[in-house]
1. When the helices in the chain are scored as -39500 (n - 2.57) per DSSP H run of 4 or longer and the sum is shared across all residues, what 222 nm value do you end up with, to the nearest 500 deg cm²/dmol?
2. Given Cβ point charges of +1 (Lys, Arg) and -1 (Asp, Glu) and nothing else, what value in debye, to the nearest 20, does the dipole of the chain about its Cα centre take?
3. Using modelled backbone amide H atoms (1.01 Å from N, in-plane), which distant-in-sequence or interchain residues come within less than 5 Å of Arg33's amide H?
4. How big is the dipole moment of region 1-118 about its Cα centre under a simple scheme where the beta carbon of each Lys and Arg is +1, that of each Asp and Glu is -1, and everything else is neutral? Debye, nearest 20, please.
5. Of all the accessible heavy-atom surface of region 110-223, with the other protein chains kept in place and a 1.4 Å probe, what percent is carbon and sulfur?
6. What are the lysines whose alpha-carbon lies under 27 Å from the alpha-carbon of Lys123, with same-chain residues fewer than 8 places away excluded?
7. Mind ranking Asp163, Asp121, Asp57 by accessible surface for me, highest first, 1.4 Å probe?
8. Could you report the accessible area of Leu40 in Å², rounded to 10, computed with a 1.4 Å probe on the protein chains as they sit in the structure?
Amino acid sequence: MYHKVVRFPEPRNSAVVWRYMPFVSFVDVLQRRKLFFSRLEKLADPHEGFYSAEMKDILEEKVPKAVIRATERFSRRNYCVNCWHENEGESAAMWAIYSQSDGIAIRSTVKRLKDSLHNEDRKVSIARVHYGTAPAPVTEPLTLKRKSFSHEKEIRLWCIESDRRNGQEYGTRISVDLELLIDAVFVSPKAEGWITPVVQSALDLHGFHVEAVQSTLYSNVLV
């Protein structure tokens, strides 16, 4: 269930977003019909969930330090996120960072993301990540990252999940309507020719009428 949270500025519904992943992760999504939401404390960046020094200086004028520290601890342990890249077209950087020669990219939109959550009972929200010191009304570390990560142009789905039982130590899975979510599926531009048919077979096997298309990002230019 998509849940609007007023304090987080939302990206426009028409914004195009991409999810880059290895093929095995893509098959997991198809099989489960769920997206994995990772706890902030389990992400690679150890600064996830913490305020920047500049943001702390701003907040400490209004909020006790103990409250700031408690907010950071709560965020890192209990916020779970699923990250998308906002871009009208493909990103060579995202292909290189988040997938190998068998990588897959799902293309969607913000509206599709929201609509695809209609079968999920838990509250899921969406927000654009800010890099560096964020302007008001962003007041939580959930959507703040260092400028070094600005190339990610991240749109985040997020939920609160305090239950750490049944394999949820690293995060949780959220039900999505993949027919609504998936606009297109792209195969890595560096993939060998046999990989795209395998991706198509996985889509067909799981009942998705979407054509797997290999990216032409590095195709030869005709002159």
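The values are calculated or read from the model by the stated rules, or taken from the named source; none is laboratory data. Every value quoted in this text rests on a predicted model; they were computed, and no experiment measured them. Methodologically, a virtual Cβ is constructed for each residue, glycine included, from the backbone with ideal geometry; neighbour enumeration extends over all protein chains shown. What goes into the accessible areas is simple: the full protein's heavy atoms, side chains included, and nothing from ligands, DNA or RNA. Shrake-Rupley method; radii C 1.70, N 1.55, O 1.52, S 1.80 Å.
1. Values: 7 runs with 59 residues, N = 223.
After summing the helix terms and dividing by the residues of the chain, the value is -7500 deg cm²/dmol.
2. Working: 32 positive and 29 negative charges, 157 e Å.
Around 760 debye, computed over the chain.
3. Those qualifying (amide H under 5 Å, at least 5 residues apart or on another chain) number zero.
4. Numbers: 20 positive and 15 negative charges, 132 e Å.
Dipole size: approximately 640 debye.
5. Details: 3240 of 6070 Å².
Ligands and nucleic acids excluded, carbon and sulfur reach 53 percent.
6. Output for Lys123: Lys4, Lys34, Lys42, Lys111, Lys114, Lys145, Lys153.
7. On the way: Asp163 45, Asp121 135, Asp57 95 Å².
Of Asp163, Asp121, Asp57, the descending order of accessible area is Asp121, Asp57, Asp163.
8. In the full protein context, Leu40 sits at about 0 Å².
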